[in-house]
Amino acid sequence: MAGPIRVLMSKPGIDGHWRGIVVVSRGLRDAGMEVIFGGFQTCEQIVETAIEEDVDMIGLSIHSGAHIGYTKRVVDLLKEKGLNGHFLLLVGGAIPSKDFEVLKEIGAANVYGPGSLIKDIVAFIKEHVKK
Amino acid sequence: MRTDNLEELIAKFKQKDRRALARLISLIENDPELAGKVFKHFNKPNDAYIIGITGPPGVGKSTLINQLAQKLAEEGKRIGIISIDPSSPFSGGAFLGDRIRMSGLQQDKIFMRSMASRGAVGGLSRATFDICLLYEAFGMDIVIVETVGAGQSEVEVLHLADTILVINVPGLGDSIQCQKAGIIEIGDILVVNKKDLGGEEIAVQLDLILDDAVMYIGQTGWRPPVVQTNSISGEGIDELIEEIWNHKEHIELAGILEQKRQKRLKDKLIALIQFKILNYVMQHIYPTIEKTKLNNIYENKYNVYDVAQSIYNDFFSQLKGRES
Ligand SMILES: Nc1nc2c(ncn2[C@@H]2O[C@H](COP(=O)(O)OP(=O)(O)O)[C@@H](O)[C@H]2O)c(=O)[nH]1
Ligand SMILES: [Mg+2]
């Protein structure tokens, strides 16, 4: 039996931008998902939380410009634990479109820059989460 | 890819694999019937001590757990945490925000899980109990359950706990009066958190209320203490832990712990029976009531009682049919 989709929403590294992650989290909740709000977390904490909470998706919200470094670190930690491909990984925030492909190559399933629509994020998650 | 093969998961669970624990929690949460299959693989139950924490949103329950669990882990205890937040009745989704207060808890001895109430029939209390059992089987010494202090179902969850902490904060003076009965009924220890913001007055007020509550104290012999804490600095947490162990000792000696645990199992048994019977009726009998019967109800709502009776009669005659 499949339950609701569970997602972890986290901000690796500290930057002041809360609005994006909160708005997206609410949108996912309103789409029927259980949103575990991680807030500021280290990459290690993100991976541990994803395991404990048994989430289907990890969402990283990054506005510091260090999105490539953080995404790579999370993917490396997942690989170390043999969890590569275990979670759907989405990255969002202040990300220039020139970096989208780089992030996807690292392991992000999709990337959401400024102006993204919540309904598109919801549709993508629903389509790609293996339930 | 993750595995949902039960044998495999249980083998890993027995080797203390945290991913297996996490996955089993999800499976049991999603499928009530699965718990029975899981627990067939365990034969020696061990008891964890269950601490329930309740109080209005924002009083600092999660922050307090962050302190409590760290201190208990330092003493060598293994701790499982369940933090429950309500599911939205409209979307079924939930915003589970307790973890942001618990950044100090990522370590081997502690396992923390956020749970949505998933409002449906019996959902809340059922999965909470099952997950407590799962934590026990995993070898946890202590299970901490955090609930939002609102509504009847919360009280149900609190029946799970051996020791219940009710959290208050300064500035809720009026509501204390309203909660009076509730507090005296369920709190084994009353915590006045956010000591840095005051709270002396409330602590005194609570003490006075408790002094008046002779009846209650007469029943259990336990006079709930009032403890002031600052969950950010950790002030008062040692005292709180001491009071938890005092309460534990008291209810052990008075035989109350034994009674509580028996009552808990009896409640669970009844809940399981209700669930199974309701499930059967909804699957096998309800669909057979013709549309006309439903129309009867819509036309005259007084018929709802008769229709319920006829569903029950159908159920009963099916039972009789099975016997012979
Ligand atoms: N000043 C002060 N703030 C606290 C204390 N404990 C918790 N808080 C704050 O109260 C807010 C709510 O805390 P939280 O643990 O999420 O409350 P919960 O809803 O009861 O779980 C957060 O901003 C905490 O940082 C305390 O002892 N003193
Ligand atoms: Mg909380």
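So which residues in the range A:39-85 end up with at least 40 square angstrom less accessible surface once the other protein chains are there, compared with the chain by itself, probe 1.4 angstrom? Buried-area filter returns A:GLN45, A:ILE51, A:GLU52, A:GLU53, A:ASP54.
Residues in the range B:278-293 carry Karplus couplings, in order, of 4, 4, 4, 4, 5, 7, 9, 10, 3, x, 7, 6, 5, 3, 4, 5 Hz; the curve used is 6.51 cos²θ - 1.76 cosθ + 1.60 with θ = phi - 60°, and Gly or Pro positions show x. Taken per residue, the accessible surface of chain B reaches 50 Å², heavy atoms only and a 1.4 Å probe. In chain B, which longest range has no GluC sites (Glu not before Pro) that are both DSSP loop (not H, G, I, E or B) and surrounded by at most 13 other Cβ atoms within 10 Å? Looking at chain B, B:76-289 is the longest stretch - no exposed GluC sites (Glu not before Pro) with at most 13 other Cβ atoms within 10 Å.
In this assembly, the A-B interface accounts for approximately 2600 Å² of buried accessible surface in total, computed with a 1.4 Å probe and without ligands, DNA or RNA.
In plain terms, if you count all Cα to Cα distances in the protein assembly as shown and split them into 10 Å steps from zero, the share in each step is 4, 18, 26, 24, 17, 9, 2, 0 percent.
In the neighborhood of B:PHE138, defined by Cβ-to-Cβ distances under 15 Å, what is the net charge if each Lys or Arg adds +1 and each Asp or Glu adds -1? Residues close to B:PHE138 contribute a combined charge of +3. Among the listed pairs B:LYS14/B:LYS44; B:LYS16/B:LYS61; A:LYS81/B:LYS12; A:LYS11/B:LYS109; B:LYS71/B:LYS195; B:LYS71/B:LYS263, those whose Cα-Cα separation exceeds 21 Å are B:LYS16/B:LYS61; A:LYS11/B:LYS109; B:LYS71/B:LYS263. Among the protein heavy atoms, those of A:HIS128 account for about 80 Å² of accessible surface (1.4 Å probe, every chain in place).
For A:PHE40, the residues 5 or more places off, or on other chains, whose built amide H falls under 5 Å of its own are A:LYS11. Per-residue 3J(HN,Hα) values for the range B:63-79, derived from phi via the Karplus relation 6.51 cos²θ - 1.76 cosθ + 1.60 with θ = phi - 60°, read 5, 5, 4, 3, 6, 4, 5, 5, 5, 5, 5, 4, 7, x, 7, 9, 10 Hz in sequence order (x marks Gly and Pro). For the range B:266-323, lysine pairs separated by 8 or more sequence positions, or belonging to different chains, with Cα-Cα distances below 21 Å total 5.
Rounded to the nearest 10 square angstrom, B:ARG261 shows an accessible area of 50 square angstrom against a 1.4 Å probe. Treating each Cα of chain B as one equal point scatterer and applying the Debye formula with no solvent, the log10 of I(q)/I(0) at q = 0.06, 0.07, 0.13, 0.15 Å⁻¹ comes out as -0.26, -0.35, -1.02, -1.24. Between B:GLN259 and B:ASP306, the simple spin-label model (points 7 angstrom out along Cα→Cβ) gives 4.8 nm.
Of the heavy-atom accessible surface of the protein assembly as shown (probe 1.4 angstrom), what whole percent is carbon and sulfur? Looking at the protein assembly as shown in its full context, I get 55 percent from C and S.
The values are calculated or read from the model by the stated rules, or taken from the named source; none is laboratory data. Here the structure is a predicted model, which means the values were calculated and not measured. All Cβ positions, glycine included, derive from the backbone under ideal geometry; neighbour counts span all protein chains shown. Ligands, DNA and RNA are stripped out before the accessible areas are found, and what is left, the full protein with its side chains, is counted by its heavy atoms. Shrake-Rupley method; radii C 1.70, N 1.55, O 1.52, S 1.80 Å.
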